[in-house]
1. Among the candidates B:ARG183, B:ARG175, B:ARG226, which residue alone is more than 30 Å from A:ALA48 (Cα to Cα) and basic (Lys, Arg)?
2. Report, by residue number, each residue of region A:35-58 that is in contact with an Asp or Glu (Cβ under 7 Å, 6 or more places away or on another chain), at the interface with chain B (Cβ under 7 Å from one of its Cβ atoms) and under 16 Å from A:ARG73 (Cβ atoms).
3. Among the residues of region A:59-102, write down those that are among the polar types (S, T, N, Q) and more than 7 Å from chain B (Cβ to nearest Cβ).
4. Could you check how many residues of region A:128-150 are in contact (Cβ under 8 Å) with a residue 60 or more places away in the chain and in contact with a Ser or Thr (Cβ under 8 Å, 6 or more places away or on another chain)?
5. Here is a list: B:LEU23, B:LEU39. Which entry is touching an Asp or Glu at 6+ places or on another chain (Cβ under 7 Å) and either on the phi < 0 side of the Ramachandran plot or crowded, with 22+ Cβ neighbours inside 10 Å (or both)?
6. I'm checking my understanding of the structure. Among residues of region A:124-142 that are within 10 Å of another protein chain (Cβ to nearest Cβ) and hydrophobic (A, V, I, L, M, F, W, C), which one is surrounded by the most Cβ atoms within 10 Å (Cβ to Cβ)?
7. Restricting to region B:267-292, name every residue that is of a type in the set (Gly, Ala, Ser) and under 14 Å from B:ILE242 (Cβ atoms).
8. Looking at region B:97-200, what helices (runs of 4 or more DSSP H) fall wholly within it and have at least 1 residues that are within 14 Å of chain A (Cβ to nearest Cβ)?
Amino acid sequence: MLAVKDLHGYYGASHVLHGVELDAAAGELVALLGRNGAGKTTTLACLAGTVASPRGEVSLDGQQLASLPSYQRLRHGLSLVPSGARVFANLSVEENLRVVRPRPVSDGQGWTIDRVFDFFPTLRRLCASAAGNLSGGERQMLAVGRGLMANPKVLLLDEPSEGLAPVVVQAIGGLMNELKQTGLTMVLAEQNHRFALRHADRAFLIEKGRIQHSAAAGDLDGSEALQRYLGV
Amino acid sequence: MRRRLTASTGWAIAALVALLAPLLLNERQMFVLMSIVILAVFATSYNVLLGYTGMVSFAHAAYYGIGAYAVTLAWVHLGWSPLAGFLLAPVAAGAIGYVTGLVALRATRLYFSLLTLAIGQLLFLVAFQWRGLTRGDDGIFGMQLPLLLQPATNRYYFLLALAAIALAILSVAMRSPFGATLRAIRENRDRAGFLGIKVKRYELAAFTLGTAFAGWAGGMYAFFDRGSFPLLLDWTTSADPIFTTLIGGLNSFAGPVIGAVVLGLLRDFVTRNFLYFNVVLGTVLLAIILFMPGGIVEGVRRLAAVGGPGRRRTQPEQPADREQPAAAGTRSKS
């Protein structure tokens, strides 16, 4: 479904990604694991189109997206939930969901504000509050809800567990399981490999801007590769 | 909820004061009031760019001047009544705003601002030097107003009604999903992009809307002054809405209106008693930027929060320390 080949990423002149290759089948949850600075966020940013990647191939259901600007990638089904749950602090919860210009889908198939609120009942209660006043967990839910409002084929999650209390992390994990039930494909970038491996089908290990190893999630736990690339 | 209530109470009181003011004021004071009403529309139209979308334009006065000239030129060259000419003001300013916006928005941030400076001065020079059309530096004066609008009180009510219409339209637009999208862009252009928003198109729409209502305010000015002159288009005039917005507060719809009242009254009071208004203005601006960076609105809100019960409020937020684009923010932790 999603296939990434030879992806190179740059911040200005500094070359950060050196030919990342990864793929995800429909309905699969793949994890992208690596240390701080290994290139996880950059990979997702290059996929979403917010960081320049002049070289590389990103194809989604056979469509080439690498040359498109970010707002068009979203319309083809790639939606990013940024790290640190960066929501629009000055907009209300509802406005945060409403500003998304979604991928067009047939009636009744897409995500609506109501459906997001059914999924996150807490958000319904906070509907009119400014997003800047939410707790970290609430903000993360809002960020995921906003990502879903795009009607993505592939949801890119950048460290959804970052900075959250263990209970909240667990809730986010439960949420990803539920989303998986709906058939959504997800790419999860994480430092917290225990959390990621609990939910992922497969995992890619990234180091120095290259994918060094990939394996089924079940085979990785306690493996030598994990030790080598994550230092755990 | 409570904030919406206090806001509507505030608007109701403002409307009442504005409606009853002519009963107490002399003619000179009526003219001060008219200039305040015009400045309120001018500054609010600018806040669509500055406060809502995060664009700093130095050309805004040019569209204000175009609005004023639309009325006076239609009167001089076409023999239109100023009332008919007024309809032309926002259309002409918006149309020229759209075309020049297309050019200016080829750049972003600082370079956008510099392009607007160039475009604004270009438009100023047209008004200044095309004597055949605009009578150049002499300006156009002594425009005949309809009889009904000649008494100061009537003219005041007419301008007040025009201001109310403009503010109502802008307020609806800024509260709509369109307004929310603009605020999303201001907060973070890149993030707005990966939510499927075509940022440039929205910026152009905001620019056009803002310039059209700058033209509206300019058209009002033509009634106030019964004329127009090139300095209206000059970039120094663009400072007026900037100062007004900074004083009132750029994070709320009411900010520029409150700023217009404060600046208008201050200017009247100071210029009657003291020679150097700009010295006073500079001091006031310095004090506000240093001690009340969100302007009067934010200052009052903060006071209310200290005095009132602890409620969840929006964070005070200034464009200066706004979050950097996503790329810069995420680079530190890949």
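The values are calculated or read from the model by the stated rules, or taken from the named source; none is laboratory data. All figures in this text were calculated on a predicted structure; none of them were measured in a lab. Positions of Cβ are generated from backbone atoms using ideal geometry, with glycine treated the same way; all protein chains shown enter the neighbour counts.
1. Being more than 30 Å from A:ALA48 (Cα to Cα) and basic (Lys, Arg) holds for just one of B:ARG183, B:ARG175, B:ARG226, which is B:ARG226.
2. Scanning region A:35-58 gives a single hit, A:THR50.
3. Result: A:SER59, A:GLN63, A:GLN64, A:SER67, A:GLN72, A:SER79, A:SER92, A:ASN96.
4. 3
5. B:LEU39
6. So, considering only residues that are within 10 Å of another protein chain (Cβ to nearest Cβ) and hydrophobic (A, V, I, L, M, F, W, C), the one surrounded by the most Cβ atoms within 10 Å (Cβ to Cβ) is A:ALA131.
7. B:GLY282
8. Those helices (runs of 4 or more DSSP H) span B:152-175, B:177-187, B:189-194.
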